[in-house]
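Q: Before I ask anything, here is the structure I am working with.
The values are calculated or read from the model by the stated rules, or taken from the named source; none is laboratory data. The model shown is predicted, which means the values in this text are computed figures rather than measured ones. As a convention, Cβ positions derive from the backbone with ideal geometry for all residues, glycine included, and neighbour counts pool all protein chains shown.
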RNA sequence: GGCGCGUUCGUCUAGUGGCCCAGGACAUCGCCCUCUCAAGGCGAAGAUCGCGGGUUCGAAUCCCGCACGCGCUACCA
């Protein structure tokens, strides 16, 4: 039997890491077994819909490289893939359940339910529907419903016995039926609840494995009961753990959870995020951590997932992103940088930005960035149309503090040597600066730092000689002279 | 309150009765390399395997109890 799995988000917001990680594992399982991965929109709560979120959900999946075989945007053999367009299916299932005595109409008003719960809580009893409408005769119920009296359909949970289901991570889980109340399967607006929609759709769409968050464990027995009452074979269940925020507690918007697309906007690579999410809560062998999607898929096994929650390790994600950035071919990296710089360089830098310059600078910073965002402050001086002379304190630094005249003569020596260079390349520049240091008796490192700050305005930069080679002789000499003037003015 | 799930270095994990007085990775610290910063190399520190009982020649691994954390207990998913 071919594996068919699904990602079934509610279009009520954007996917965050915890949510997408379950989808990612599901995707891995599909690819591992040559199965089908599809997307189904669960928009049965009309009150919580957020416009645009369906698009953002699909965009997130696409960005992460999780392709889907069937879905709301591309159809498939079981279309439609949007629950609000499948209402008749749920309604007829509910009617079948009523007819078979597995469900009944309930006319209790929300207010009564509310009161009932308060009372139960006050008496330290487990809250739950008391089954009052169970006793309404079917004919009467139909008549009242036909007359337009608002009602919901509840599933009739057996008072006795227990229900067992198997979870791929946790083994058999058994729950006493008596602890489950008669839950609503069809709401008064004609929409199904999750429970019914899950049973109907996952059967209709021939889903083989259902992986979802572990908050669904308590209601899984309900689903098994539903499947059986409908005459369906339940799918295989996998309940995945949540991702925790560093401080503890579920990762939430307030607690550092970011939408997937925010990672894109902050300069993470989709391959790195994918890899990171795949291995938080899963390890193929205890050693391997860096994997392509294909490698992860080849090794993936639901039953290896960790059943306990994992804390989100932002440091490790950054590290991993750096690993991916470093192994990117230079041309690809330059392309990424170009797009990034286009967006983030100050407005006074002419657009489009100098593509050749980006390519020249890329190898100097490849091993220095962890995020694409790091590139901008690292290379902005290469692109700036003009650079202000450095501030005195920054220029002198520790070695020359209080003795600017020494810095001035060192700088002049550097100018002299640099001017004499025949072919302006990094080797020649290094030779010139070392010669200048030797002539003046300065420590090479001190002179280098003087030049670094003079030429770039920064104390931390890509390698000096390569940097100066790219900046060009005229600009370098000009800037060093300007810096010398700053030092001399003291 | 009831029901359920979970518990190995700060963090992610390996581990399914002896190879584990617990291995790898991130982070941390030190050394090396070095023009700054990185990257890289080497090394250190870091877990009485939640606690208490059992079973066994032998337990992180099996059983029982407890503690703690989390989840569910909606006409939300």
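Q: Which members of segment A:90-108 meet the condition of being within 13 Å of RNA strand B (Cβ to nearest atom) and either modelled with pLDDT under 95 or assigned to a helix (DSSP H, G or I) (or both)?
A: A:90, A:94
Q: Next question. Looking only at residues in segment A:33-65 that are in a loop (DSSP other than H, G, I, E, B) and in contact with a helix residue (DSSP H, G or I) (Cβ under 6 Å, 6 or more places away or on another chain), which one is surrounded by the fewest Cβ atoms within 10 Å (Cβ to Cβ)?
A: Initial filter on segment A:33-65 (in a loop (DSSP other than H, G, I, E, B)): A:33-35, A:40, A:42-52, A:64-65.
With the extra rule that they be in contact with a helix residue (DSSP H, G or I) (Cβ under 6 Å, 6 or more places away or on another chain), the set shrinks to A:42-44, A:64-65.
Values: A:42: 18, A:43: 21, A:44: 21, A:64: 23, A:65: 14.
The residue in question is A:65.
Q: Let me ask something else. Tally the residues that are surrounded by fewer than 18 Cβ atoms within 10 Å (Cβ to Cβ), within 13 Å of RNA strand B (Cβ to nearest atom) and free of Cβ contacts under 8 Å to residues at least 40 places away in the same chain, restricting the search to segment A:429-443.
A: Qualifying residue count for the region: 2.
Q: A follow-up question, please. Which of the residues that make up segment A:444-466 are surrounded by fewer than 19 Cβ atoms within 10 Å (Cβ to Cβ) and more than 9 Å from RNA strand B (Cβ to nearest atom)?
A: Scanning segment A:444-466 gives no hits.
Q: I'd like to check something: does segment A:332-339 contain any residue that is more than 19 Å from the chain's Cα centre (by Cα), closer than 28 Å to residue A:30 by Cβ, within 12 Å of RNA strand B (Cβ to nearest atom) and assigned to a helix (DSSP H, G or I)?
A: The answer is no; no qualifying residue exists.
Q: Same structure, new question: Out of (1) within 14 Å of RNA strand B (Cβ to nearest atom); (2) more than 30 Å from residue A:237 (Cβ to Cβ); (3) assigned to a helix (DSSP H, G or I), the odd one out for residue A:370 is which?
A: Result: residue A:370 passes all but (3).
Q: Next question. Kindly check whether there is at least one residue in segment A:24-32 that is surrounded by fewer than 16 Cβ atoms within 10 Å (Cβ to Cβ) and more than 11 Å from RNA strand B (Cβ to nearest atom). Walk me through it before giving the result.
A: Of segment A:24-32, the ones surrounded by fewer than 16 Cβ atoms within 10 Å (Cβ to Cβ) are none.
Checked segment A:24-32: no residue is surrounded by fewer than 16 Cβ atoms within 10 Å (Cβ to Cβ) and more than 11 Å from RNA strand B (Cβ to nearest atom).
Q: Now a separate question. Tell me which residues, restricted to segment A:271-309, are more than 12 Å from RNA strand B (Cβ to nearest atom), surrounded by 15 or more Cβ atoms within 10 Å (Cβ to Cβ) and in contact (Cβ under 8 Å) with a residue 60 or more places away in the chain. Even if it seems obvious, please write down each step before you answer.
A: Kept after step one, since they are more than 12 Å from RNA strand B (Cβ to nearest atom), are these residues of segment A:271-309: A:271-274, A:291-298, A:300, A:302.
This time we only want the ones that are surrounded by 15 or more Cβ atoms within 10 Å (Cβ to Cβ), so: A:271-274, A:291, A:293, A:296-297, A:300, A:302.
Matches in segment A:271-309: A:271, A:273, A:274, A:293, A:296, A:297, A:300, A:302.
Q: Here's another thing I want to ask about it. One residue is enough: does segment A:310-330 have a residue meeting the conditions within 28 Å of residue A:454 (Cβ to Cβ) and either surrounded by 13 or more Cβ atoms within 10 Å (Cβ to Cβ) or away from RNA strand B (no atom under 13 Å from the Cβ) (or both)?
A: At the first step, the residues of segment A:310-330 found to be within 28 Å of residue A:454 (Cβ to Cβ) are none.
No, segment A:310-330 has no match at all.
Q: So, one more: If the Cβ limit is 6 Å and pairs must be 6+ apart or interchain, which residue in segment A:65-76 that is within 19 Å of residue A:24 (Cα to Cα) pairs with which residue that is in a loop (DSSP other than H, G, I, E, B)?
A: So the pair list comes out as A:70/A:76; A:71/A:81; A:72/A:81.
Q: Do we find that residue A:389 is away from RNA strand B (no atom under 12 Å from the Cβ), touching a residue at least 60 places away in the same chain (Cβ under 8 Å), over 41 Å from the mean Cα position of the chain (by Cα) and not in a helix (DSSP H, G or I) in this structure?
A: Yes.
Q: Show me the helices (runs of 4 or more DSSP H) found entirely inside segment A:424-490 where at least 2 residues are farther than 20 Å from residue A:396 by Cβ. Step through it out loud before you land on a result.
A: On the way: elements: A:426-440, A:444-456, A:464-471, A:473-488.
Per the criteria, A:426-440, A:464-471, A:473-488.
Q: Every residue in segment A:67-109 that is touching a strand residue (DSSP E or B) at 6+ places or on another chain (Cβ under 6 Å) and within 30 Å of residue A:293 (Cβ to Cβ), please.
A: Those that are touching a strand residue (DSSP E or B) at 6+ places or on another chain (Cβ under 6 Å) and within 30 Å of residue A:293 (Cβ to Cβ): A:68, A:69, A:70, A:71, A:72, A:76, A:81, A:82.
Q: For segment A:113-136, name all the residues that are farther than 14 Å from residue A:182 by Cβ and at pLDDT 95 or above.
A: none
Q: Residues that are surrounded by 18 or more Cβ atoms within 10 Å (Cβ to Cβ), over 30 Å from residue A:302 (Cα atoms) and within 40 Å of the chain's Cα centre (by Cα): does segment A:199-220 have at least one?
A: no
Q: Can you tell me which residue among A:171, A:148 is closer than 30 Å to residue A:40 by Cα, free of Cβ contacts under 8 Å to residues at least 40 places away in the same chain and surrounded by fewer than 14 Cβ atoms within 10 Å (Cβ to Cβ)? Step through it out loud before you land on a result.
A: On the way: A:148 fails: closer than 30 Å to residue A:40 by Cα.
Matching residue, one of A:171, A:148: A:171.
Q: Given (1) out of contact with any strand residue (DSSP E or B) (no Cβ under 7 Å at 6 or more places or on another chain); (2) more than 9 Å from RNA strand B (Cβ to nearest atom); (3) over 20 Å from residue A:217 (Cα atoms), where does residue A:189 come up short, assuming only one miss?
A: Going through (1) out of contact with any strand residue (DSSP E or B) (no Cβ under 7 Å at 6 or more places or on another chain); (2) more than 9 Å from RNA strand B (Cβ to nearest atom); (3) over 20 Å from residue A:217 (Cα atoms) one by one, residue A:189 breaks only (2).
Q: Taking only segment A:168-186 into account, find how many residues are over 18 Å from residue A:198 (Cα atoms), more than 6 Å from RNA strand B (Cβ to nearest atom) and outside any loop (DSSP other than H, G, I, E, B).
A: Final tally of qualifying residues: 6.
Q: Conditions: (1) within 12 Å of RNA strand B (Cβ to nearest atom); (2) surrounded by 15 or more Cβ atoms within 10 Å (Cβ to Cβ); (3) assigned to a loop (DSSP other than H, G, I, E, B). Residue A:165 meets all but one. Number of the miss?
A: Just one mismatch for residue A:165, condition (3).
Q: Let me ask something additional. Restricted to segment A:87-101, and to residues that are in contact (Cβ under 8 Å) with a residue 60 or more places away in the chain and under 13 Å from residue A:186 (Cβ atoms), which residue is surrounded by the fewest Cβ atoms within 10 Å (Cβ to Cβ)? Before the answer, list the steps.
A: Applying the first criterion (in contact (Cβ under 8 Å) with a residue 60 or more places away in the chain) to segment A:87-101 yields A:87, A:89-91, A:93-94, A:96-97, A:100.
Next cut, under 13 Å from residue A:186 (Cβ atoms) only: A:87, A:89-91, A:93-94, A:96-97.
Values: A:87: 16, A:89: 16, A:90: 24, A:91: 17, A:93: 25, A:94: 23, A:96: 14, A:97: 23.
Step by step, filter segment A:87-101, then rank; the result is A:96.
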